[in-house]
Each structure stands twice: as C-alpha cells, then as structure tokens.
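These notes are about the structure you will find just below.
The values are calculated or read from the model by the stated rules, or taken from the named source; none is laboratory data. Quick caveat, the model's predicted, so the values are computed rather than measured. Please note: Cβ atoms are built from the backbone with ideal geometry, for glycine as well, and neighbour counts cover all protein chains shown. The protein model used for the area step is the full one, side chains on, heavy atoms only, and it has no ligands, DNA or RNA in it. Shrake-Rupley method; radii C 1.70, N 1.55, O 1.52, S 1.80 Å.
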Amino acid sequence: MTEHVLVAVDNSDPARKAVDFVHSTFPNAEVTLLHVTIPMIDTAIYEDPPDLEEMRERLAEFEDELTEAGISVDVEVVTGRPRREIVDYAETADVDHVIVGSHGRTGPTRVLLGSVAETVARRSPVPVTIVR
C-alpha cells in the first residue's frame, strides 16, 4: 500500500524545504500539496499579504517538480485558517503523514500569529514532520 503524504505549502522558503524533504524522503508516496488561502479579513495581521497569482505559480512549480520525479501528486486549495484546515484535511483524507515547514518565528510575532506547525503537530491524528 502506498503511503499518502500531505504537504502543507504556502509561498515561503519553509514550504520549499518541505517539498524538497518529501521529494527525498518519500519518493514512492502519493503526495497531496495543500494550500490554505487565508480569509481576506485575516490578511490584515500579515506584513506582506499573500499574492494569489504568485502562489498558483509556486504550486504549479512544486507539482511539476514532484511529477517529473515520478511522484504521484494532487493539489488542493482550501480557504480557512491554516492550522485548522491542515488538521481537518489529515483527518478526512486518509493521510498517513503530514509535512509542514516552519518559519521559526519567535517573540511577539510568534505570540501574535502563533505557530501553525506547532498546532498541527499537537492536533494531527497522524505523524507530523516539521521542516526548517
């Protein structure tokens, strides 16, 4: 049975590292790249709100890379709060493992934004690997 790995991605360097990690560590897995778009009301807390067109291009790049390496890839885009949506997807989509990148925030930024990776690791029903 092929392992199903969920990789939470955004347009960040930690997401790039998470994709690289799944490429090297799970070459025979079925991979789902999950991007959670943040509701517009929540983007005010970010210094640099996400650019959706840029994110679409990044998702296509990640998908092409993994597909060219012979890895089966699906792409899912949902709207909501990332920590909740990632855990919900892991619970409902028969996922065996979750990979998330960590921004490594500290201090006031971490207090304000929280750690998506930490919350996912605590609440996920399956093992979680946090990549820095």
Problem set entry | the stretch 14-34 residues that are within 8 Å of I71 (Cβ to Cβ), paired with ones that are among the charged types (D, E, K, R) and part of a helix (DSSP H, G or I) (beta carbon under 8 Å, 6 or more apart) | H23/E65
For this session: Scan the stretch 33-68 for residues that are modelled with pLDDT of 85 or more and touching a Pro at 6+ places or on another chain (Cβ under 7 Å) and report the count.
Result: 1
Problem set entry | Pairs, first in a helix (DSSP H, G or I) and among the small types (G, A, S) in the stretch 47-59, second at pLDDT 80 or above and surrounded by fewer than 12 Cβ atoms within 10 Å (Cβ to Cβ), C-beta under 8 Å, six or more apart | none
Exercise. Tally time: how many residues in the stretch 87-119 are modelled with pLDDT under 95 and assigned to a helix (DSSP H, G or I)?
Worked result: 11
Exercise. For P125, all conditions in the list (1) outside any helix (DSSP H, G or I); (2) at pLDDT 95 or above; (3) open to solvent by less than 70 Å² (accessible area, probe 1.4 Å) hold save one; what is the number of the exception?
Worked result: (3)
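If you go through the stretch 1-13 one residue at a time, how many are assigned to a strand (DSSP E or B) and either in contact with an Asp or Glu (Cβ under 9 Å, 6 or more places away or on another chain) or without any contact (Cβ under 8 Å) to a residue 12 or more places away in the chain (or both)?
Adding up the residues that qualify gives 4.
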Exercise. When the stretch 10-23 is examined, which residues are found to be open to solvent by 10 Å² or more (accessible area, probe 1.4 Å), out of contact with any Ser or Thr (no Cβ under 7 Å at 6 or more places or on another chain) and within 13 Å of A117 (Cα to Cα)?
Worked result: D10
